[in-house]
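Asks: Supplied in structure tokens, the structure appears directly below.
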Amino acid sequence: MTPKIQINNLNQMQGPTEEVERHFLFVGQATKNNGKLLSINTQSDLDDLLGVNASPMKTNIKAAMQNAGQNWSAHAHALALGEDWTAAVLAAQKVASFEAVVLLEPVTTAEQINAAQALRNQLIATWGRWQFMILATNGIVTDGAEPQDWPAYEADMVALADGIAADGVMLVPQLHGNNAGVMAGRLCNRAVTVADTPMRVKTGAVVGLGPVPVDSNGTELSLATLQTLEAARYSVPWWFPDYDGVYWADGNMLDVSGGDYQVVENRRVADKVARKLRIRAIGRIGDRQLNSTPGSIAAAKLYFMRDLRVMSRGVTIAGVTFPGEVMPPEDGDIAIEWLSKYEVAIYAMARPYDCPKKITINIILDLSNPGDNQ
């Protein structure tokens, strides 16, 4: 026998995966490049890509760019006449992957909202891509045959969302004309993580929000109307009397009462974990390194916990802690169960941090007489 030496480079799947988060697909009407999928970033000339004239697509993408800040990028599909938006989203999957789809053509029926949830499910089933849907709804109508006052508008909006269960769908009323774009940009801002609520005040007010809307009586939009819309599971702006700036309320999803995904930050964290663990699972298909022996199960738990550890990394600067996207994983957060000789089930637990969305301050007076203690 002749001597032989063979060297194999073994891939242990220890490298990073491509970031999908904060890359959104915008779908809507424009005055140029209809029927085309466009790549956009902060250097893009929107007049050149979407036309000089104003359009819902151009107005909202500009707002998204202004609120997202540095290193923002997106894709935009300008709908052709009569083109189905769900078909456009499916076609765009062949070019890029996205964290969310922003539909800028206002939805007006429950069927359209349910179609968006069905599209999300189709994207997961077909491509293994978790994408939530931001759907614009109409702002208030103040002209034409049936102008609205705020009570009429509130009633229409409440009726539209009533009874719908769609944990991957968010409704954003276009009260200022570009609310969906503002919201999308706020979610893409890299000053915060995907685990942060758009309600966060510390990172600043929204910018570029359109003019304050009025109803058919000339009455301006009020916090009372926004409160009604928010209770109906819409995502709306918010402001605080005697505090400068306009901010945002919760990023509501159309999940059922008591569901885990009633707010967008929970949806985004779970979707990110799903993307990461899917890649890890693919790398272990047909690999006998993953087997039912105690040593293999222990190693597999560390392997599938790796992304949770990365997501949990925070940083402390000058005594101030900036937490990661989830709490550090603990023993038992990854469970592995062999269902048969060839099928294994893996369970992963991700723990988002607590977040104060309601703060109550109790003030107590001390009216004791210092002389009483002498």
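Asks: For the ranges 171-184, 35-48, 108-121, what's the packing order if you count other beta-carbon atoms within 10 Å of each residue, average per peptide, and put the highest first? Numbers along the way, then the final one.
Replies: Numbers: 171-184: 26.1, 35-48: 13.6, 108-121: 16.3.
Put in order of decreasing packing, that is 171-184, 108-121, 35-48.
Asks: Tell me the Kirkwood radius of the range 218-369: reciprocal of the mean inverse pair distance over distinct alpha-carbon atoms, in Å. Kindly include the intermediate steps, with their values, before the conclusion.
Replies: Details: mean 1/r = 0.0507 Å⁻¹.
Taking the inverse mean of 1/r over all distinct Cα pairs, the range 218-369 comes out at 19.7 Å.
Asks: Using just the helices of the chain, give the 222 nm mean residue ellipticity in deg cm²/dmol: DSSP H runs with n ≥ 4 each add -39,500 (n - 2.57), and the total is spread over all residues, rounded to 500.
Replies: Counting only the DSSP helices, I get -9500 deg cm²/dmol.
Asks: Structure shown: which of 94/341; 62/272; 202/357; 62/276; 36/62; 272/301 lie over 24 Å apart, alpha-carbon to alpha-carbon?
Replies: 94/341; 62/272; 62/276
Asks: Quick one: plug the Kirkwood hydrodynamic radius of the range 287-374 (C-alpha pairs) into Stokes-Einstein at 25 °C, 0.890 mPa s, and report D in µm²/s.
Replies: Numbers: Rh = 17.4 Å.
D = 141 µm²/s.
Asks: Shifting gears a bit: Run down the aspartates and glutamates and flag those whose C-alpha is under 16 Å from the C-alpha of residue 58, throwing out any fewer than 8 positions away in its chain.
Replies: 45, 47, 48, 105
Asks: State, as an integer percentage, the relative contact order of the chain based on alpha-carbon contacts under 8 Å between residues 6 or more apart.
Replies: Numbers: 638 pairs, mean separation 50.8, N = 374.
Once normalised by length, the contact order is 14 percent.
Asks: Right, another one. Once you've got the GNM for the chain with C-alpha springs shorter than 10 Å, pick whichever of 130, 239, 72 has the biggest mean-square fluctuation.
Replies: 239
Asks: Right, here's the next one. If you put +1 on each Lys and Arg Cβ and -1 on each Asp and Glu Cβ, how big is the dipole of the chain around its Cα centre, in Debye rounded to 20?
Replies: Its charge dipole is roughly 2120 debye.
Asks: Order of 265, 337 from fewest to most other C-beta atoms within 10 Å? All intermediate terms of the calculation are to be shown ahead of the outcome.
Replies: Working: 265 25, 337 11.
Exposure proxy ranking, most exposed first: 337, 265.
Asks: Next question, about the same structure. If the viscosity is 0.890 mPa s and the temperature 25 °C, what Stokes-Einstein diffusion coefficient in µm²/s follows for the chain when Rh is the Kirkwood radius over Cα pairs? Don't skip to the end; give the middle numbers.
Replies: Details: Rh = 23.2 Å.
Translational diffusion coefficient: 106 µm²/s.
FYI, it's all coordinate maths here, none of it is from the lab. Just so you know, these numbers come straight off a predicted model, no measurement behind them. All Cβ positions, even for glycine, are placed from backbone atoms using ideal geometry, and neighbour counts span all protein chains on display.
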